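Engineer: Got a structure for you, written out below as structure tokens; questions coming shortly.
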Amino acid sequence: MTRLSRLLLPTERQPPADAEAVSHQLMVRAGLVRQMGAGLWSWLPAGWRAHQRVVGIIREEMERIGAQETLMPLLQPAELWRRTGRYDAIGPELFRLHDRREADMVLAMTHEEAMTHHVAQVVRSYRDLPFSLFQFQVKERDEARPRAGVLRTREFVMKDAYTFDRDEAGLQAHYETYREAYRRVYDRSGLRWYEVESDTGMMGGKRAHEYMAPCAAGEDEVVLADGGAAYAANVEVATADAPFAALPEAPGAPDPVSTPGTTTIAALAAHLDREPSALLKAFPVVVERGEGTQPETVLVLLRGDHEVVEVKLAKALGGTVRQATEDEIRDRIGPPGFLGPIGTDVPVVLDAAVDAQVRAQPSGGWVVGANETDRHLDGVVPGRDFSYEVADVRKVVAGDTVDGVPVTIEPAIEVGNIFQLMTRYSEPMGATFLDEEGKEHPIVMGCYGIGPARILAAAVEQYHDDRGIAWPKAIAPFEIEVVALGKPGGEEGAVAERLYDELRAAGFDVLLDDRPGGAGQKLTDAELLGAPLRITVGKRSLAEGRAEAQIRRGQQDVEGGLPLDGIVDAVRELWERVP
Ligand code: ATP
Ligand code: MG
């Protein structure tokens, strides 16, 4: 149905009261989506058209690299998830339920278990490998904070894909093919995007990349050098060089200084008249490294102007990490607010930014807590005065450099990601193959996700103005909107019908605004909905045998409009210029 008079397109002048993100506001106002409950969204006809255009692009690119489409259940036996340990490892994000026979079930939040289960049943020999499977299937996740319309919902369609190879070299090759396919998907969608290195997180495995669309509503942060050309990484894994702190020369030994009540970096910096970067703050943590090991208290030291990234810290310490409690701190190190590395037997981890400066300027003196109330030590030299291990645990900040190039940090939405899983799932699921000698090996896997809804929301975030959405032409709900002005039954309407038929016959995806009603309302709705090209049939241009045309992005009027005779050729030519 592509006549507006018959299309369910409930446009609104006002955004929903709770909508902060522009994409949330505009997608509701344009009549694309409607909310049903917390994190639960329905797609209305125009919204679903856009969604399915993204799906179409992804499907073409998956098929181009030889991936095979499947569909696996959303409702799954808990047993599958017990085998990989994820039934217990995943918190309340996983929906758990029972069937009528009281069997434990889950609603799948991802499909590694399902895919690997079937592959384990059917693959026997190295001759069956490699291959890759994908699907478009709903995922259910009881997200802690559903937000921003369709950006983070509790139910969403994902394209998830999985590769199966006999060895790591096979996985690497497959992984590179997927990177190419992903690049094409985002390019074709018309997004501005970056590929960044990312953390492998709960998926386990080796390497991972994320695809990030920069925009204000983004929950992630990406670190970019040279706009992403020289370096791009999620802030959770990014590393960069910090400009050195200004340090005084250290005396021959640490110098105790009285610092009454200065339990914060700001207070200490003011009291000593030193920059926060010259002070070392202590971050006491407890690391748990799994069964059979004792939790360990570790004192992390970093510059006063730097922050810890928990993902980096957990990786560096090789376990799960929590902040030590006050009691643990008093017990094992000293009074909170005055903690330091000297006079404690707790292992010390020094952030790499500090270590880099210690190596370059061994005589610089730092300030640390004295493990005594109201006292710090000045002129401290790491290595001389205390021993430590080095780890990069801090958050990169704007102005740091990568290979000498300063970085910026931008908020971004994750629109997809890819992981090298290795044998994380094939081993517990028994997905193995026999090699040429009849020896059994676990299959080496990768997994690859994209959220079409996020691609749409990211596009709206990136391409809009105060009048509405300015869709990229590849994923717009309609490519062209033909607006008939004038009275119902008038000549404008008849001509608009003709253009609509001709353009559709030529293969364009056209919406005809054939509603009775004023020009104001029609043009306002067209701008809100954001078809990349609008053709308006009104009295004045009609008299000259022409229709008005406007490219939505930047609201560029086509000078002189388009000729009614031969409109298809004229639109085809113009279409090349439409972003
Ligand atoms: P995030 O870190 O944003 O929670 P994720 O790492 O959990 O994402 P994956 O499990 O790898 O995401 O899912 C693959 C893709 O599915 C993501 O890149 C994203 O495009 C999409 N996606 C993930 N969670 C949601 C959600 N709650 N709502 C909409 N899309 C989502
Ligand atoms: Mg998530």
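Engineer: For segment 137-144, check the following and say yes or no: at least one residue is in a strand (DSSP E or B), buried (at least 20 other Cβ atoms within 10 Å of the Cβ) and within 19 Å of the chain's Cα centre (by Cα). Quick ask: steps written out before the conclusion?
Structural biologist: From segment 137-144, those in a strand (DSSP E or B) are 137-140; that's our starting set.
Filter again for buried (at least 20 other Cβ atoms within 10 Å of the Cβ), leaving none.
Looking for residues that are in a strand (DSSP E or B), buried (at least 20 other Cβ atoms within 10 Å of the Cβ) and within 19 Å of the chain's Cα centre (by Cα), one finds none in segment 137-144, hence no.
Engineer: Right, here's the next one. If residue 194 passes every condition in (1) of a type in the set (Ser, Thr, Tyr); (2) within 13 Å of residue 449 (Cβ to Cβ); (3) away from ligand 1 (no atom under 12 Å from the Cβ); (4) under 15 Å from the mean Cα position of the chain (by Cα) but one, which one does it miss?
Structural biologist: Condition (2) is where residue 194 drops out.
Engineer: Among the numbered criteria (1) among the acidic types (Asp, Glu); (2) out of contact with any Phe, Trp or Tyr (no Cβ under 9 Å at 6 or more places or on another chain); (3) more than 30 Å from residue 509 (Cα to Cα); (4) more than 13 Å from ligand 1 (Cβ to nearest atom), which single criterion is violated by residue 60?
Structural biologist: (3)
Engineer: What strands (runs of 3 or more DSSP E), lying completely within segment 376-447, carry at least 3 residues that are modelled with pLDDT under 95?
Structural biologist: Details: elements: 389-391, 405-422, 432-434, 440-442.
By residue number, 405-422.
Engineer: Quick check on my filter: what residues within segment 1-26 are buried (at least 18 other Cβ atoms within 10 Å of the Cβ) and within 10 Å of residue 46 (Cα to Cα)?
Structural biologist: 2, 7, 9
Engineer: Can you tell me which residue among 250, 238 is closer than 30 Å to residue 368 by Cβ, under 17 Å from the mean Cα position of the chain (by Cα) and modelled with pLDDT of 90 or more? Spell out the reasoning first.
Structural biologist: Numbers: 250 fails: under 17 Å from the mean Cα position of the chain (by Cα).
Exactly one residue qualifies, and that residue is 238.
Engineer: Can you pull out every residue in segment 407-427 that is more than 16 Å from ligand 2 (Cβ to nearest atom) and buried (at least 17 other Cβ atoms within 10 Å of the Cβ)?
Structural biologist: Step one: filter segment 407-427 for residues more than 16 Å from ligand 2 (Cβ to nearest atom), giving 407-411, 420-427.
407, 409, 410, 420, 421, 422, 423, 424, 425, 426, listed by residue number.
Engineer: Another question, then. Is at least one residue of segment 197-215 over 30 Å from residue 90 (Cβ atoms) and modelled with pLDDT under 95?
Structural biologist: Here is the first cut: in segment 197-215, the residues over 30 Å from residue 90 (Cβ atoms) are none.
The answer is no, given that none of the residues of segment 197-215 is over 30 Å from residue 90 (Cβ atoms) and modelled with pLDDT under 95.
Engineer: Among 246, 266, 253, which is hydrophobic (A, V, I, L, M, F, W, C), without any contact (Cβ under 8 Å) to a residue 60 or more places away in the chain, part of a loop (DSSP other than H, G, I, E, B) and within 21 Å of residue 380 (Cα to Cα)? Even if it seems obvious, please write down each step before you answer.
Structural biologist: Working: 266 fails: part of a loop (DSSP other than H, G, I, E, B); 253 fails: without any contact (Cβ under 8 Å) to a residue 60 or more places away in the chain.
Only one candidate passes the filter, namely 246.
Engineer: Restrict the check to segment 427-444 and report whether at least one residue is among the hydroxyl-bearing types (Ser, Thr, Tyr) and within 16 Å of ligand 1 (Cβ to nearest atom).
Structural biologist: If we filter segment 427-444 for residues that are among the hydroxyl-bearing types (Ser, Thr, Tyr), which is where we start, we get 432.
From the residues that got through so far, the ones that are within 16 Å of ligand 1 (Cβ to nearest atom) too are none.
No, there is no match, as no residue in segment 427-444 is among the hydroxyl-bearing types (Ser, Thr, Tyr) and within 16 Å of ligand 1 (Cβ to nearest atom).
Engineer: Would you confirm whether or not segment 101-113 contains a residue that is closer than 18 Å to residue 421 by Cβ and either free of Cβ contacts under 8 Å to residues at least 24 places away in the same chain or away from ligand 2 (no atom under 16 Å from the Cβ) (or both)?
Structural biologist: Looking for residues that are closer than 18 Å to residue 421 by Cβ and either free of Cβ contacts under 8 Å to residues at least 24 places away in the same chain or away from ligand 2 (no atom under 16 Å from the Cβ) (or both), one finds at least one in segment 101-113, hence yes.
Engineer: Of everything in segment 432-451 that's of a type outside the set (Phe, Trp, Tyr), closer than 19 Å to residue 175 by Cβ and within 16 Å of ligand 2 (Cβ to nearest atom), which residue is surrounded by the most Cβ atoms within 10 Å (Cβ to Cβ)?
Structural biologist: Looking at residues that are of a type outside the set (Phe, Trp, Tyr), closer than 19 Å to residue 175 by Cβ and within 16 Å of ligand 2 (Cβ to nearest atom), I get 450.
Engineer: Going by the structure shown, is residue 233 surrounded by 21 or more Cβ atoms within 10 Å (Cβ to Cβ) and under 24 Å from residue 357 (Cβ atoms)?
Structural biologist: Details: surrounded by 21 or more Cβ atoms within 10 Å (Cβ to Cβ): yes; under 24 Å from residue 357 (Cβ atoms): yes.
When the stated conditions are applied, residue 233 passes them.
Engineer: Residue by residue through segment 159-170, note down the ones that are closer than 15 Å to residue 115 by Cβ, over 16 Å from the mean Cα position of the chain (by Cα) and either assigned to a helix (DSSP H, G or I) or within 16 Å of ligand 1 (Cβ to nearest atom) (or both).
Structural biologist: Quick first cut of segment 159-170, residues closer than 15 Å to residue 115 by Cβ only: 159-165.
Subsequent filtering for residues that are over 16 Å from the mean Cα position of the chain (by Cα) retains 161-165.
Answer for segment 159-170, where residues must be closer than 15 Å to residue 115 by Cβ, over 16 Å from the mean Cα position of the chain (by Cα) and either assigned to a helix (DSSP H, G or I) or within 16 Å of ligand 1 (Cβ to nearest atom) (or both): 161, 162, 163.
Engineer: Also: Please enumerate the residues belonging to segment 139-157 that are within 7 Å of ligand 1 (Cβ to nearest atom) and of a type in the set (Asp, Glu).
Structural biologist: 143
Engineer: Hey, any hits in segment 319-333 for a residue that's hydroxyl-bearing (Ser, Thr, Tyr) and without any contact (Cβ under 8 Å) to a residue 40 or more places away in the chain?
Structural biologist: Within segment 319-333, the first condition is being hydroxyl-bearing (Ser, Thr, Tyr), and the residues that meet it are 320, 325.
Restricting the remaining residues to those that are without any contact (Cβ under 8 Å) to a residue 40 or more places away in the chain gives 320, 325.
Checked against the condition, which is being hydroxyl-bearing (Ser, Thr, Tyr) and without any contact (Cβ under 8 Å) to a residue 40 or more places away in the chain, segment 319-333 yields at least one hit.
Engineer: Is there a residue being more than 16 Å from ligand 1 (Cβ to nearest atom) and touching a Pro at 6+ places or on another chain (Cβ under 7 Å) anywhere in segment 86-95? Even if it seems obvious, please write down each step before you answer.
Structural biologist: Start the filter on segment 86-95 by keeping residues that are more than 16 Å from ligand 1 (Cβ to nearest atom), which leaves 87-88.
Now drop any that are not touching a Pro at 6+ places or on another chain (Cβ under 7 Å), which leaves none.
There is no residue in segment 86-95 that is more than 16 Å from ligand 1 (Cβ to nearest atom) and touching a Pro at 6+ places or on another chain (Cβ under 7 Å).
Engineer: A follow-up question, please. Do any strands (runs of 3 or more DSSP E) entirely within segment 503-571 hold 1 or more residues that are touching a Phe, Trp or Tyr at 6+ places or on another chain (Cβ under 8 Å) and among the β-branched types (Val, Ile, Thr), and if so, which?
Structural biologist: Numbers: elements: 510-513, 533-537, 546-551.
Once the strands (runs of 3 or more DSSP E) in segment 503-571 are filtered for at least 1 residues that are touching a Phe, Trp or Tyr at 6+ places or on another chain (Cβ under 8 Å) and among the β-branched types (Val, Ile, Thr), what remains is 510-513.
Engineer: Which condition from (1) away from ligand 1 (no atom under 14 Å from the Cβ); (2) touching a strand residue (DSSP E or B) at 6+ places or on another chain (Cβ under 8 Å); (3) part of a helix (DSSP H, G or I) is the one that residue 178 breaks?
Structural biologist: For residue 178, the exception is condition (1).
Engineer: Sort out which residues of segment 298-321 are under 30 Å from residue 256 (Cα atoms) and surrounded by fewer than 18 Cβ atoms within 10 Å (Cβ to Cβ), and write them in order of number.
Structural biologist: 307
To keep it simple, each residue is scored yes or no on (1) in contact with a Gly (Cβ under 8 Å, 6 or more places away or on another chain); (2) within 15 Å of ligand 2 (Cβ to nearest atom).
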{"site": "141", "(1), (2)": "no, yes"}
{"site": "154", "(1), (2)": "yes, yes"}
{"site": "192", "(1), (2)": "no, no"}
{"site": "206", "(1), (2)": "no, no"}
{"site": "217", "(1), (2)": "no, no"}
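Engineer: Could you look through segment 146-173, keep only residues that are under 15 Å from residue 131 (Cβ atoms) and hydrophobic (A, V, I, L, M, F, W, C), and pick out the one that is surrounded by the fewest Cβ atoms within 10 Å (Cβ to Cβ)?
Structural biologist: Once the filter is applied, the top-ranked residue is 173.
Engineer: Additional query: Is it the case that segment 147-158 has a residue that's closer than 24 Å to residue 119 by Cβ, under 19 Å from the mean Cα position of the chain (by Cα) and in contact (Cβ under 8 Å) with a residue 12 or more places away in the chain? Before you say what the answer is, go through the steps one by one.
Structural biologist: The initial filter retains those residues of segment 147-158 that are closer than 24 Å to residue 119 by Cβ, namely 157-158.
Among the residues that remain, those that are also under 19 Å from the mean Cα position of the chain (by Cα) are: 157-158.
Filter once more, so that each one left must be in contact (Cβ under 8 Å) with a residue 12 or more places away in the chain: 157-158.
Yes - at least one qualifying residue is present in segment 147-158.
Engineer: Among the residues of segment 114-134 satisfying the criterion of being more than 19 Å from residue 86 (Cβ to Cβ) and among the polar types (S, T, N, Q), which is farthest from ligand 2 (Cβ to nearest atom)? Reasoning before the result, please.
Structural biologist: The initial filter retains those residues of segment 114-134 that are more than 19 Å from residue 86 (Cβ to Cβ), namely 121-134.
Remaining after also requiring among the polar types (S, T, N, Q): 121, 125, 132.
On the way: 121: 29, 125: 36, 132: 23 Å.
Step by step, filter segment 114-134, then rank; the result is 125.
Engineer: Out of curiosity, is residue 12 more than 16 Å from ligand 1 (Cβ to nearest atom) and part of a helix (DSSP H, G or I)?
Structural biologist: Values: more than 16 Å from ligand 1 (Cβ to nearest atom): yes; part of a helix (DSSP H, G or I): no.
Spelling it out, it is not the case that residue 12 is more than 16 Å from ligand 1 (Cβ to nearest atom) and part of a helix (DSSP H, G or I).
Engineer: Moving on. What residue, among those in segment 31-89 that are free of Cβ contacts under 8 Å to residues at least 12 places away in the same chain and over 25 Å from the mean Cα position of the chain (by Cα), is surrounded by the most Cβ atoms within 10 Å (Cβ to Cβ)?
Structural biologist: So, considering only residues that are free of Cβ contacts under 8 Å to residues at least 12 places away in the same chain and over 25 Å from the mean Cα position of the chain (by Cα), the one surrounded by the most Cβ atoms within 10 Å (Cβ to Cβ) is 82.
Engineer: Taking the conditions exactly as written (closer than 30 Å to residue 450 by Cβ and either crowded, with 16+ Cβ neighbours inside 10 Å or touching a Cys at 6+ places or on another chain (Cβ under 7 Å) (or both)), does residue 358 satisfy them or not? Show your work before the answer.
Structural biologist: Numbers: closer than 30 Å to residue 450 by Cβ: no; either crowded, with 16+ Cβ neighbours inside 10 Å or touching a Cys at 6+ places or on another chain (Cβ under 7 Å) (or both): yes.
It is false that residue 358 is closer than 30 Å to residue 450 by Cβ and either crowded, with 16+ Cβ neighbours inside 10 Å or touching a Cys at 6+ places or on another chain (Cβ under 7 Å) (or both).
Engineer: Something else about it: Of everything in segment 78-100, what is within 16 Å of ligand 2 (Cβ to nearest atom) and of a type in the set (Gly, Ala, Ser)? Give them in sequence order.
Structural biologist: Taking segment 78-100 and keeping what is within 16 Å of ligand 2 (Cβ to nearest atom), we get 86, 89-95.
Passing the criteria: 89, 91.
The values are calculated or read from the model by the stated rules, or taken from the named source; none is laboratory data. As the structure is a prediction and not an experimental result, all values here were calculated from the model. Every residue, glycine among them, receives a Cβ derived from its backbone with ideal geometry; neighbour counts consider all protein chains shown.
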